[in-house]
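What follows is a short report on a single structure.
The values are calculated or read from the model by the stated rules, or taken from the named source; none is laboratory data. Computed from a predicted structure; not experimentally measured. Here Cβ is always computed from backbone atoms with ideal geometry, including for glycine, and neighbour counts include all displayed protein chains.
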Amino acid sequence: MLTSLQTALTDNFGPLGPLLAIGLLGLGLILAVLPTMLKKQPEPFAKLKAQRENAASGKRTGADLRRGDKTDKLDKFANFLEPQDAETMTASRLKMMRAGYRAKNAVRMFHFAQLVLGLGLLTIGVIYAMIVSSRQEVSTQFMIMATIGPGGAGYYLPQYWIQRRAQTRQAEIVAGFPDALDMMLVCVEAGQSLDQSINRVAKESRAGYPALADEFDIVAHEVKAGKERVQVLKDMSERVGIPDVSSFVTTLVQSATFGTSIAEALRVYSNEMRDKRVMRAEEKANTLPTKLTLGTMLFTVPPLMIILIGPSVYGISKSLGGGG
């Protein structure tokens, strides 16, 4: 089917017929999306209308100053760059927070990056396909891969970056969590309250584990703002998405509910976290021989076989050559 379509386009429009068809298709998709991008829904809240009137008259409120100019530039495309479903928007914000991006417009910037990179690399792919097709005859499959491939890669590149950053951040939190618990236990046993110990741990762990320090800072600031401590800890558990942190939060909540000693709960749980860290190290050490097997077979066995069999093969070939 692709071959017949390429033949029809080539017969009607010349050698660049398939490329022109792909370009027109992309242009049609862009023109179909532009009305949605430029469409602005009226705001139902009087407060937002007042803020816009102040912005039009040259007045800048505190919220405008905190938000910055970049957010204002993308605010007109919010209906296109942000999910309109509340559940999807919440999941997207949680994903961005787990990756370390807590700005109000993080989801908007993520989708904007997907749009820009996707269209930009798609344009580069189209230009590359035009240059190659002008020099030599190419197949339809090559043109499709050369145009759509870079566009797809550009679209999924921000998603891959967010996933990798979230995994790196979670690994950093897991690595520093046992030490943070030990420090928190020392602070509590020294007479400090749980809030003071959280502040101290956030300050001391900043150099080695900045991601963990950020999470403890958020907890401390929310508690200072008057939010309930149990809810703050549960939000931290959901925001981080790590089973060890979730178990720690459950332990503190149960300790506060039943009135048991927080120091004793921290002591038991910190010992468990140290044991888990040792078990993770042992697990990595036990998987190391299996991972080295393939490298050993590829880089050790062939040279050994050459060293052992090479002289015999050379001698046999020399004797056969001399006898002939």
Go through (1) in contact with a Lys or Arg (Cβ under 9 Å, 6 or more places away or on another chain); (2) touching a residue at least 12 places away in the same chain (Cβ under 8 Å) for E172 and report which single condition fails. (1)
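Which residue, of T90, T168, is surrounded by fewer than 18 Cβ atoms within 10 Å (Cβ to Cβ), closer than 22 Å to I218 by Cα, of a type in the set (S, T, N, Q) and at pLDDT below 85?
Details: T168 fails: at pLDDT below 85.
Exactly one residue qualifies, and that residue is T90.
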Selected residue [polar (S, T, N, Q) and over 17 Å from F248 (Cα atoms)] from Q170, Q231, Q136: Q136
From M143, M184, grab the single residue that is at pLDDT 85 or above, in a helix (DSSP H, G or I) and over 21 Å from the mean Cα position of the chain (by Cα). M184
Would a scan of segment 146-164 turn up a residue that is within 28 Å of G208 (Cα to Cα) and buried (at least 18 other Cβ atoms within 10 Å of the Cβ)? yes
Any residue in segment 202-223 that's surrounded by 17 or more Cβ atoms within 10 Å (Cβ to Cβ): show its pairings with residues that are in a loop (DSSP other than H, G, I, E, B) and of a type in the set (S, T, Y) at Cβ separation under 8 Å, as long as the two are six or more apart or on different chains. L212/S205; A213/S205; F216/S205
Are there any pairs, at least 6 apart or on different chains, whose C-beta atoms fall under 9 Å, with the first in segment 258-269 and in the same structural domain as V188 (by TED's automatic domain parsing) and the second acidic (D, E), and if so, which? A263/E189; L266/D182; L266/E189; R267/E189
